[in-house]
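For reference, the structure is listed below as structure tokens.
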Amino acid sequence: NIDLQIPVKVNSLPDSTTIISDIPENVNINVRDKGMALLKFMVGKTPSLDLNFDDFALSDGRFYVPNVELRRRIRDLFESSTTLQSMSIDVIELKYTNLPAKKVPVRLDLDIKPNIQHIIYGPITQSMDSVLIYSDRNTLAKINEVYTNRIEENELTDTLVRMVSIKNINEAKIVPEKIMVTIPVEQLISKKLKIPVRVKNVPENENVITFPSEVEISFLVPFSMYRKNVAIEAVADYKDIRLTRGNKIAVAIEEYPELYNNLSLSQDSVEYIIEKNEGV
């Protein structure tokens with residue numbers, strides 16, 4: 001007795017036809033015969049089970065090879081003296097369609113967390129933004145998008161490039177079945193800048209001068225942006241002067257780029273003097 005794997009091939013598939021089900025790669029069999037009759041299969045190439053599509057295609061969208069026919073086809077691959085003892089599958093039943101494919105977008109299922117000293121910086125990209133779906137008319141009507149299997153990563157410290165499968169849909173074939181996803185991750189670098197102080201809501205007849213005229217900010221920035229500066233300023237509000245005692249006014253950062261992380265000011269207030277504008 002010997003065990004063999006018989007490759008399965010479906011031939012002469014019409015151009016307009018797509019087999020939706022997964023075609024079994026092999027049928028595992030056990031056969032019995034005299035040693036010489038099986039020697040060529042033990043040392044040579046195993047024959048394949050070639051099935052012509054038209055021979056087994058049914059009008060209801062099924063490709064069906066019954067047990068009796070499957071056994072006969074496999075049995076015919078061997079000598080007349082060889083006995084087929086067992087097969088790993090009893091029948092071959094596949095679903096097919098003659099309908100054109102439906103193109104639908106691919107949605108990413110992500111649960112990604114970079115390391116505390118890193119950031120996802122830049123667009124998350126995918127090799128394909130859509131896929132083709134083959135199925136029957138009712139199934140196609142219900143499918144308007146597909147999702148990838150979840151990509152779940154913690155403590156990322158470098159750009160992630162991964163091949164990910166599209167989530168399986170019953171009674172449908174997805175082409176392609178996998179796409180490449182790229183998630184850009186960069187290290188955060190500490191940076192300090194001197195930025196100007198601007199006083200808002202100042203009356204036309206007055207001028208407010210702050211001391212100092214600049215304050216220092218510190219923040220974390222993606223490595224690739226370290227040498228690039230974005231216009232940013234500290235803002236004081238003239239209306240706060242009447243609410244404070246002494247000669248200090250509060251300053252704060254009202255707007256700053258999203259790429260600046262953990263931003264902080266070196267001081268939360270500055271001194272000031274008010275000058276009257278002559279002739280106003």
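The values are calculated or read from the model by the stated rules, or taken from the named source; none is laboratory data. Quantities reported herein were computed from a predicted structural model and do not represent experimental measurements. Neighbour counts are summed over all protein chains in view; Cβ atoms, including those assigned to glycine, are modelled from backbone coordinates with ideal geometry. These area figures cover heavy atoms from the full protein model, side chains too; ligands, DNA and RNA do not enter into them. Shrake-Rupley method; radii C 1.70, N 1.55, O 1.52, S 1.80 Å.
Structure values in brief
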read-out: Leu140 vs. criteria more than 9 Å from the chain's Cα centre (by Cα), surrounded by 14 or more Cβ atoms within 10 Å (Cβ to Cβ), at pLDDT 95 or above and closer than 26 Å to Pro257 by Cβ; value: no
read-out: Enumeration of residues in segment 23-58 that are open to solvent by 70 Å² or more (accessible area, probe 1.4 Å) and free of Cβ contacts under 8 Å to residues at least 12 places away in the same chain; value: Met36, Leu39, Lys40, Val43, Lys45, Asp55
read-out: Criterion (within 30 Å of Ser21 (Cβ to Cβ), open to solvent by 40 Å² or more (accessible area, probe 1.4 Å) and touching a Phe, Trp or Tyr at 6+ places or on another chain (Cβ under 7 Å)) met by exactly one of Arg107, Arg162; value: Arg107
read-out: Among the candidates Tyr96, Tyr64, residue that is within 33 Å of the chain's Cα centre (by Cα) and either in a helix (DSSP H, G or I) or of a type in the set (Phe, Trp, Tyr) (or both); value: Tyr96
read-out: Those residues of segment 67-93 which are out of contact with any Pro (no Cβ under 7 Å at 6 or more places or on another chain), part of a loop (DSSP other than H, G, I, E, B) and either under 25 Å from Ala172 (Cβ atoms) or of a type outside the set (Phe, Trp, Tyr) (or both), in sequence order; value: Asp76, Glu79, Ser80, Ser81, Thr82, Ser88, Asp90
read-out: Counted residues, segment 243-280 - those being outside any loop (DSSP other than H, G, I, E, B) and more than 30 Å from Ile120 (Cβ to Cβ); value: 12
read-out: Unmet requirement for Val175, which otherwise passes all of (1) of a type outside the set (Ser, Thr, Tyr); (2) open to solvent by 40 Å² or more (accessible area, probe 1.4 Å); (3) farther than 30 Å from Ser135 by Cα; value: (3)
read-out: Enumeration of residues in segment 255-268 that are open to solvent by 100 Å² or more (accessible area, probe 1.4 Å) and farther than 14 Å from Met225 by Cβ; value: Glu255, Asn262, Asp268
read-out: Unique residue being touching a Lys or Arg at 6+ places or on another chain (Cβ under 9 Å) and under 20 Å from Pro203 (Cα atoms) when the list is Tyr272, Tyr260, Tyr226; value: Tyr272
read-out: Pair list, Cβ under 8 Å, 6 or more apart: segment 159-174 residue closer than 17 Å to Pro105 by Cα, other residue open to solvent by 90 Å² or more (accessible area, probe 1.4 Å) and aliphatic (A, V, I, L, M); value: none
read-out: Selected residue (only one of Tyr147, Tyr134 is within 28 Å of the chain's Cα centre (by Cα), open to solvent by 70 Å² or more (accessible area, probe 1.4 Å) and of a type in the set (Phe, Trp, Tyr)); value: Tyr147
read-out: Some residue of segment 178-198 being part of a strand (DSSP E or B), within 13 Å of Val106 (Cβ to Cβ) and open to solvent by 30 Å² or more (accessible area, probe 1.4 Å); value: yes
read-out: Within segment 199-236, tally of residues that are in a strand (DSSP E or B), surrounded by fewer than 17 Cβ atoms within 10 Å (Cβ to Cβ) and more than 46 Å from the chain's Cα centre (by Cα); value: 4
read-out: Test: residue in segment 102-123 that is more than 20 Å from the chain's Cα centre (by Cα) and small (Gly, Ala, Ser); value: no
read-out: Checking Ile116 against (1) closer than 30 Å to Arg150 by Cα; (2) open to solvent by less than 40 Å² (accessible area, probe 1.4 Å); (3) at pLDDT below 95, the condition it does not meet; value: (2)
read-out: Given (1) modelled with pLDDT under 90; (2) in a loop (DSSP other than H, G, I, E, B), number of the condition Asp240 does not satisfy; value: (2)
